[in-house]
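The values are calculated or read from the model by the stated rules, or taken from the named source; none is laboratory data. Note that this is a predicted model, so its numbers are computed, not measured. All Cβ positions, even for glycine, are placed from backbone atoms using ideal geometry, and neighbour counts span all protein chains on display.
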Amino acid sequence: MVAGQPIYDDDLLPFVQAQVFQLRVQEYEVKSKALENLVNQKLLEAEAKKKGIPTEKVLAQEVDAKVPEPTEAELQALYIVQKEQLRKSFDELKPQLQQLLKRAKLQQARQDYYTRLREQAAVSIFLQKPKVEVTHDPARLRGNPKAAVVIVEFSDSSVPTAKRSRQP
């Protein structure tokens, strides 16, 4: 309360709306990542049950064991692309390059496997991204206010090109 006048949530909204929206986007991203991990875990558990093996062995048997070691040509290509930043010889870096490339191949293979499991299980996600509510000034409306599509033009009249477009 200020000088006997209460301050309500709606009074704050114009001052914090952008920050609150950013927080909602962050919340969505955290929930989305957690949901993705949970769905993947549930899919693995279902696949393990179907195959009659422990959950922790599904990826090892179905994905990891099938990923080939990086070829010499792949290692050379990776080295050539990164050569200037690495500043060491190919032979010195070969073990690290092999590890890096193998890890990348494993990660991609696992992602592809999860995608296949999702398609087979017909996974549906209902988590929705936050949306910005766009309002318009009814006095500036042209055309049918009940049209199926409403186009809202955003303009900054302090920009010279926007000023020129508004002049008759």
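Going residue by residue through the range 50-57, is there one that turns out to be part of a helix (DSSP H, G or I), polar (S, T, N, Q) and closer than 19 Å to Q108 by Cβ?
no
Can you pull out the helices (runs of 4 or more DSSP H) entirely within the range 66-167 that have at least 3 residues that are under 28 Å from V30 (Cα atoms) and modelled with pLDDT of 90 or more? Spell out how you get there, then give the answer.
Values: elements: 72-86, 90-121, 160-166.
In the range 66-167, 90-121 are the helices (runs of 4 or more DSSP H) which contain 3 or more residues that are under 28 Å from V30 (Cα atoms) and modelled with pLDDT of 90 or more.
Inspect the range 111-127 for any residue being of a type in the set (V, I, T), touching a Lys or Arg at 6+ places or on another chain (Cβ under 7 Å), closer than 22 Å to V39 by Cβ and surrounded by 11 or more Cβ atoms within 10 Å (Cβ to Cβ) and give the result as yes or no.
No, the range 111-127 contains no residue that is of a type in the set (V, I, T), touching a Lys or Arg at 6+ places or on another chain (Cβ under 7 Å), closer than 22 Å to V39 by Cβ and surrounded by 11 or more Cβ atoms within 10 Å (Cβ to Cβ).
Hey, does the range 56-71 have a residue that's within 30 Å of T135 (Cβ to Cβ) and in contact with a Lys or Arg (Cβ under 8 Å, 6 or more places away or on another chain)?
No, the range 56-71 contains no residue that is within 30 Å of T135 (Cβ to Cβ) and in contact with a Lys or Arg (Cβ under 8 Å, 6 or more places away or on another chain).
Looking at the range 99-117, I want the residues that are farther than 21 Å from E45 by Cβ and have a partner that is of a type in the set (V, I, T) with Cβ atoms under 8 Å, at least 6 apart or on another chain. Which pairs are those?
K102/V67; K105/V67
Yes or no: the range 29-39 includes at least one residue that is touching a residue at least 60 places away in the same chain (Cβ under 8 Å), farther than 30 Å from L13 by Cβ and assigned to a helix (DSSP H, G or I).
Going residue by residue through the range 29-39, those that are touching a residue at least 60 places away in the same chain (Cβ under 8 Å) are 31-32, 35, 39.
If we keep only those that are farther than 30 Å from L13 by Cβ too, we end up with 39.
The next check asks that each one be assigned to a helix (DSSP H, G or I); those that pass are 39.
Yes, the conditions are met somewhere in the range 29-39.
What number of residues within the range 56-89 satisfy the criterion of being under 30 Å from the mean Cα position of the chain (by Cα) and in contact (Cβ under 8 Å) with a residue 12 or more places away in the chain?
Count: 14.
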